[in-house]
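*Asks:* Take a look at the following structure, please.
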Amino acid sequence: MADDKNPKSPGTGVPPTGSTRPASPSNPAKTPAPPATTAPRNVPARPAAPSGSNVARPSAPASQTPGQGTPSPSGSGPARGVPERPSQPAPAKAGAPPAADATRGERARPTTPVEQKAPPVPEKDVAANEIVRELPEDVFGAFEELQQDANRVNEKLDPELEQAVGFTHFDSGSSQDNLVTVLMTRDDLHKLASQTLVRVKSKEDKRKYLGLVVRGPFAEPDAVSASSTIAVGVVVQGKKLTYTFDYHGRAEIEILGEELEGGKLVPPGRRPRPKSPVFLLDEAESERVLGMKGNLCLGMVVGYKNMEARFDPMDKSVLPRHTGIIGTTGGGKSTTVATLIHRAQKAGIATIVFDVEGEYTHVDKPTDDPAMGEALRRRKQQPEGVKELHIHHLMGRDSRNPRHRNLHPFALNFSSLSPYAISEILGLSEAQQERFHKAYDVTKLLLEELGIYPRTAEERQQVLELDELSTGYPRMTIQHLLDVVSTYIYSLSDEGKAETRSRSKSSSRKASSASESGEGAEAEEPVQPSIPPLYSEFKHHFGRVMGRVMAHASRNEISWKALASKLHSLRRLKLFDVGSAPGVDYGSMLTPGRVSVIDLSDTDSPQLNNLVIADILRGLQETQEARYQRASEQGQSVTPVLIIIEEAHEFLSASRISQMPVLFEQVARIAKRGRKRWLGLVFVTQLPQHLPSEVLGLLNNFIIHKITDSAVISRMQKTAGTIDESLWNKVSSLAPGQALVSFSSFTRPLMVAVDPAPVKRLLVE
């Protein structure tokens, strides 16, 4: 068989890259290559091909090869940029001796006159294991004719196809609904990055579809299977071999919908036909399709150069729909929260943060972290603190930022907590709960009898409308309740029982005397030295307190003492009704653009934190509802409110929910009613597996950072059903700062590189 020549491009004198062809495994070369002195001048001798390897083949000039880089119709064409080998060898010059086949170890044929005319190939341009041959001049004519034929065919092609980046493949037995395979040349492979939006034009049935790349792109060899022995061998021998097979790209696209006239997208009822061209959408159109609109930017969409993940803070389908920020420690949750605080403040949203570590008590200052500063510079942003930061902390507890100019100590009002929530938080037994509610009812009667509350007709109406599942009895303090419980304990003691009998006899004699004289009995009995001390407003009215206790008698002194012990422990926390300490000013917290951090870093008690969070949530909801009602009557809009709860698994864990159903019912009520009143909740946790399904069911938006636990990912898949499996597969390998973002305003979930936080935050271990 005549030896092939390596062509050179006309007028250039530079030979193009050679192609490759494997030697036959059944006839490996055994004869070593002849010495270099026997090879033609300026042309290295062809070495013997090792068993199972490829030898170089000539390639056509790049300017004369139609369809360069595309596979042959049979799928087994030559390597990249190489035309098919003709079935007959090209004619040689007259008198030229036949060449020996180098693959059989024979000598290279002598230099022909044509080869002597061709410019020599510098040895420095020839790789040590590459074979280069000159193309005879009489072959150029055949290539020129082939180029002319290709030009005539190209004139008839649809010019729109020049813009296509790939074509849909045939379906197979493993094809899935809404997933279509797209094949592309290696030159177009880089254009179809993950999450790229495409338009598929099914010309056969004249339909258009919008899709998104969800898998790939993958590179596959043209001529052989990627798992074949020869393909594996070529890659493994990469140190010795400079050639490879030509390859193409394959990607899977998810069909988002069929595109109708006017750009309307409807659920697809069909699939694109095979060999339908696929076109990239530019970023402007991609933003429109994906729903990237609004002035609140979360970060950059992965797969695009300039597309930002934006949403409208005044869109009721986003912030008031409640959000979960989830991920393992170090995944970037805190940075996301800090960025969200900064963006929300600039958008005029009232932001409240329950900060159990004091991490966000310095967000009014720009970040001083070098890595964060460098990341901001890459995004062309500047370090910047938030305006209007106010820090609230419990009276008697310290703040992580004790010198802040807007520091507000506060105490809770016992009267604002539901008695049912208190009994749950204290962990009372069934017997203790029965006595707690009895004491609570007696305290209410005494407040009314003594004219403490209610005093006016309006207050009496409030009492009738009171819902004790959500709030407590107005003006009641924990000391009022403790005085009643102490009186019950005294009434059950031996001394108290004697006092009760004596008081009963005295009351009978006085009633008889009053009946005879026609005068009423005295309002109060003289205070006896044996009565227990009372510390509330009841201390001057022990007789009435004792009378109410006797009218609602009870037994079992041990249960009353256990209840008193727990109430005393709660009072010693100095959480309720502390001297002149003011309560929480909910109205100021709801000021537009204000950031209020509830610093709970000095409590060291999840139980105490839960009391604070539950009470402040209730107060915020009531205040926001009143403002919403007032704004609706005046035809105005209400200020949006964003409430961020850090370590949400401590507040609403599955174990706590089972023990505190009333507390959870309060949160659920706030979540449901808050959606219509522009009050949105954000739950932040690294342990989503501890959150019950009832809590996760309240969430509509998700920002999911890295999660490595497959069981947690599986559970989250069931909760966030709008996120497809291809994105879930990436969650375990997300880099810090990357997140899977699913917002109600987005057409589909997206991978986002969250912006670095421009504010300062404390790095808490």
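The values are calculated or read from the model by the stated rules, or taken from the named source; none is laboratory data. Worth saying up front: this structure is predicted, and the values here are computed from it rather than measured. Here the Cβ is made from the backbone with ideal geometry for all residues, glycine too, and neighbour counts use every protein chain on show. When the accessible area is computed, the model is the full protein with side chains, heavy atoms only, and any ligands, DNA or RNA have been set aside. Shrake-Rupley method; radii C 1.70, N 1.55, O 1.52, S 1.80 Å.
*Asks:* So how far apart, in nm, are the two label points at Ala626 and Ile558 if each is 7 Å from Cα heading toward Cβ?
*Replies:* The two pseudo-label positions are separated by 4.7 nm.
*Asks:* Subtracting the Cα-Cα distance from 0.36 nm times the residue separation, let me have the gained length for Lys305 to Glu434 in nm, one decimal.
*Replies:* Values: separation 129, 0.36 × 129 = 46.44 nm, distance 6.46 nm.
Result: 40.0 nm gained on full extension.
*Asks:* For the range 522-654, report the accessible area per residue in Å² (1.4 Å probe, heavy atoms, rounded to an integer).
*Replies:* Counting only protein heavy atoms, the per-residue value for the range 522-654 is 46 Å².
*Asks:* Moving on. Could you sort out which of Lys201/Lys316; Lys380/Lys672; Lys346/Lys730; Lys346/Lys380; Lys438/Lys672; Lys333/Lys718 sit more than 28 Å apart by Cα distance in this structure?
*Replies:* Correct reply: Lys201/Lys316; Lys380/Lys672; Lys346/Lys730; Lys438/Lys672.
*Asks:* OK, next. Carbon-plus-sulfur fraction of the accessible area of the range 221-279, 1.4 Å probe, in percent?
*Replies:* The computed percentage sits at 56.
*Asks:* Further question: Scaled to the compact-protein estimate 2.2 N^0.38 Å, what is the alpha-carbon radius of gyration of the range 337-399, rounded to two decimal places?
*Replies:* So the Cα radius of gyration is 1.25 times the expected 2.2 N^0.38 Å.
*Asks:* A follow-up question, please. What number comes out for accessible area per residue over the range 322-382 if the probe is 1.4 Å? Units Å², please. Walk me through the intermediate numbers first.
*Replies:* Numbers: 2190 Å² over 61 residues.
Per residue, the range 322-382 has 36 Å² of solvent-accessible surface.
*Asks:* Further, regarding this structure: Counting heavy atoms of the protein chains only and a 1.4 Å probe, report the per residue accessible area for the range 158-253 as a whole number of Å².
*Replies:* 53
*Asks:* Highest mean first, how do 600-610, 670-680 rank when packing is the count of other Cβ atoms within 10 Å averaged over residues?
*Replies:* On the way: 600-610: 16.5, 670-680: 20.4.
Packing proxy ranking, top to bottom: 670-680, 600-610.
*Asks:* While we're here: Within 10 Å, count the other beta carbons around each residue, average over each peptide in 533-546, 371-384, and list them highest first.
*Replies:* Going from most to least packed, we get 533-546, 371-384.
*Asks:* Sequence gap at least 6, Cα distance under 8 Å: using those rules, report the relative contact order of the range 346-392 to the nearest whole percent.
*Replies:* About 40 percent, as a whole number.
*Asks:* Can you check how the C-alpha radius of gyration of the range 295-443 compares to 2.2 N^0.38 Å, as a plain ratio?
*Replies:* Compactness ratio reported: 1.44.
*Asks:* In whole percent, and with a 1.4 Å probe on the protein chains, what portion of the accessible area of the range 707-765 is carbon and sulfur?
*Replies:* 49
*Asks:* Given a 1.4 Å probe and every protein chain left where it sits, what share in percent of the accessible area of the range 342-412 is carbon and sulfur?
*Replies:* With neighbouring chains kept in place, the figure for the range 342-412 is 48 percent.
*Asks:* Could you list, bin by bin from short to long, the percent of Cα-Cα pairs of the range 650-765 in 10 Å steps?
*Replies:* Percent of Cα pairs in each bin: 11, 38, 36, 14, 0.
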